[in-house]
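Heads up: the structure comes next, in structure tokens.
The values are calculated or read from the model by the stated rules, or taken from the named source; none is laboratory data. Predicted model, so just to flag it, every value in this text is computed and none were measured. We place every Cβ from the backbone using ideal geometry, glycine too, and count neighbours over all the protein chains shown. Calculation scope for accessible area: heavy atoms of the full protein, side chains included, ligands and nucleic acids excluded. Shrake-Rupley method; radii C 1.70, N 1.55, O 1.52, S 1.80 Å.
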Amino acid sequence: MNSLNFRTLDLNLLRVFDEVMAERSLTRAARNLSLTQPAVSNALRRLRETLGDELVQRSGQGMAPTPRAVAIWPAVREALQQLQESLVPNEFVPGEATTIFVLAMADATAAELIPGLVETLDQEAPGVSIRVIPLTTRDPRRLLDEEQCDLAVGYFPSVLADLTAGAQSGEPLPFLHQRLYDGEYVCVMRKDHPLATGPFTLSRFCAARHMLVSFSGRPYGFVDESLASLGRERHVVLTVNQFFTAGRVVANSNLLTVLPRHFVGVTGIADQLVLRPLPFDVSPVHVDTLWHRRSQQRSAHVWLRQVLVRAADKAFSA
């Protein structure tokens, strides 16, 4: 590999590389950059010589990147985006914007936050659209890294632990977060369930039949982790991936489930349910927004995060 002197590197070559990687086509990259195709080919040749790697090769009708190109492209793209936003900021004007934001969150979270978001869009940003996709993991970093969503909202204990450890060691943080609200989980059952009255002990809880809400489908959650620390376990006979589904099922069965207390009020069937405190301690459930560092200074993203905070404040101010 050639020795790289960064001080003599022509940064325009990185712009060409980024466009070729995005388009996987020299012709489309040349069109987007307002260059000729020979000029794009020449820029790639110079960058290849500098980095000592082919970077892209012809494959069928397009271009296939080498492993080195795949490895360096995210950093190159992020650096170029940050430079562009610093030198030529694109100020977000809510009343004029037609931006589409993609949010990843569970149905219980959406039930609390989306009404406030819609109200804000009506009043401040009628041209802006929100698309909510299901949150199927407690670690949405890949979704954010691959730009499948702008923000993830949920309970991400392992992610926050990693970020805290990285911050303490002085590492640059690729992801950032902000606390929206704290959630309390309770045991939920139908109104005339045998456990709806009387002592609700740990033993009675574990002996019952349970339904688990699991985004990933894995039949083990934070409640089971807390029970395991006590040397106990519960009998999970049904796993679903939506809180609304769980509420409907327990209202018409002998199953118990564990739901966010605040969510029960928006199910529309709260009068059919009984809520009981869990008969053991569980870790606090903190709901955070999580986003990639490359979005930190984007004015549209800043506005979106502020609107989410306002929606959470309104939903939980009562």
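Restricting the first member to region 86-102 and to residues that are charged (D, E, K, R) and at pLDDT below 95, and the second to residues that are open to solvent by less than 100 Å² (accessible area, probe 1.4 Å) and part of a loop (DSSP other than H, G, I, E, B), the beta-carbon pairs closer than 9 Å and six or more apart or on different chains are 96/125; 96/127. Exactly one residue out of 97, 161 is over 27 Å from residue 253 (Cβ atoms) and loosely packed, with under 12 Cβ neighbours inside 10 Å: that is 161.
Against the test of being within 27 Å of residue 73 (Cβ to Cβ), out of contact with any Ser or Thr (no Cβ under 8 Å at 6 or more places or on another chain) and buried (at least 19 other Cβ atoms within 10 Å of the Cβ), the options 117, 144 yield a single qualifying residue, 144.
Of all residues in region 1-24, those that are within 13 Å of residue 49 (Cα to Cα) and polar (S, T, N, Q) have Cβ atoms under 6 Å from Cβ atoms of residues that are open to solvent by less than 90 Å² (accessible area, probe 1.4 Å) and modelled with pLDDT under 90, 6 or more apart or on another chain, in 2/52.
Residues to consider are 166, 170; find the one that is more than 21 Å from the chain's Cα centre (by Cα) and within 21 Å of residue 294 (Cα to Cα).
Working: 166 fails: more than 21 Å from the chain's Cα centre (by Cα).
Matching residue, one of 166, 170: 170.
When residue 116 is tested against (1) part of a helix (DSSP H, G or I); (2) over 15 Å from residue 307 (Cα atoms), only condition (2) is not met. Selection of region 213-237 for residues being among the hydrophobic types (A, V, I, L, M, F, W, C) and within 30 Å of residue 314 (Cβ to Cβ) yields 213, 215, 222, 223. Of the residues making up region 131-140, those that are open to solvent by less than 50 Å² (accessible area, probe 1.4 Å) and either assigned to a helix (DSSP H, G or I) or without any contact (Cβ under 8 Å) to a residue 60 or more places away in the chain (or both) number 1.
Within region 191-222, how many residues turn out to be touching a Pro at 6+ places or on another chain (Cβ under 7 Å) and either part of a strand (DSSP E or B) or within 30 Å of residue 137 (Cα to Cα) (or both)? Break it down into steps so the answer makes sense when it comes.
At the first step, the residues of region 191-222 found to be touching a Pro at 6+ places or on another chain (Cβ under 7 Å) are 200-202, 205, 212.
Adding the requirement that they be either part of a strand (DSSP E or B) or within 30 Å of residue 137 (Cα to Cα) (or both) leaves 202, 205, 212.
Of the residues in that region, 3 qualify.
For region 71-85, indicate whether the set of residues that are open to solvent by less than 70 Å² (accessible area, probe 1.4 Å), under 30 Å from residue 130 (Cβ atoms) and polar (S, T, N, Q) is non-empty. Yes: one or more hits.
When the residues of region 255-266 are filtered to those that are assigned to a loop (DSSP other than H, G, I, E, B) and of a type outside the set (Val, Ile, Thr), the one that is nearest to residue 210 (Cα to Cα) is 255.
Residues that are charged (D, E, K, R): list the helices (runs of 4 or more DSSP H) wholly contained in region 2-64 that include at least 3 such residues. Spell out how you get there, then give the answer.
Working: elements: 12-23, 26-33, 37-51.
Once the helices (runs of 4 or more DSSP H) in region 2-64 are filtered for at least 3 residues that are charged (D, E, K, R), what remains is 12-23, 37-51.
I'm told residue 38 meets every condition in (1) of a type outside the set (Lys, Arg); (2) surrounded by 17 or more Cβ atoms within 10 Å (Cβ to Cβ); (3) free of Cβ contacts under 8 Å to residues at least 40 places away in the same chain except one. Can you identify the failing condition by its number? With respect to (1) of a type outside the set (Lys, Arg); (2) surrounded by 17 or more Cβ atoms within 10 Å (Cβ to Cβ); (3) free of Cβ contacts under 8 Å to residues at least 40 places away in the same chain, residue 38 is out only on (2).
Filtered by the rule that a residue be surrounded by 21 or more Cβ atoms within 10 Å (Cβ to Cβ) and either of a type in the set (Gly, Ala, Ser) or outside any helix (DSSP H, G or I) (or both), region 240-254 gives 246, 247.
Please find, within region 197-209, the residue that is least open to solvent (accessible area, probe 1.4 Å) out of those that are among the small types (Gly, Ala, Ser) and within 36 Å of the chain's Cα centre (by Cα). Walk me through it before giving the result.
Residues of region 197-209 among the small types (Gly, Ala, Ser): 198, 203, 207-208.
After this cut, where a residue has to be within 36 Å of the chain's Cα centre (by Cα) as well, the list is 207-208.
Numbers: 207: 84, 208: 14 Å².
Here the answer is 208.
Does region 232-239 include one or more residues that are of a type in the set (Lys, Arg) and open to solvent by less than 40 Å² (accessible area, probe 1.4 Å)? Yes: region 232-239 contains one or more residues that are of a type in the set (Lys, Arg) and open to solvent by less than 40 Å² (accessible area, probe 1.4 Å). Under 6 Å between Cβ atoms, which residue pairs at least 6 apart in sequence (or on different chains) link something in region 267-283 that is in a strand (DSSP E or B) with a partner that is of a type outside the set (A, V, I, L, M) and modelled with pLDDT of 90 or more? Note: pairs meeting the criteria are 274/191; 276/187; 276/200. Every condition in (1) open to solvent by 60 Å² or more (accessible area, probe 1.4 Å); (2) touching a residue at least 40 places away in the same chain (Cβ under 8 Å); (3) outside any helix (DSSP H, G or I) holds for residue 173 except the one numbered (1). Applying the criterion of being hydrophobic (A, V, I, L, M, F, W, C) and more than 20 Å from residue 94 (Cα to Cα) to the residues of region 292-318, the residue that is surrounded by the most Cβ atoms within 10 Å (Cβ to Cβ) is 315.
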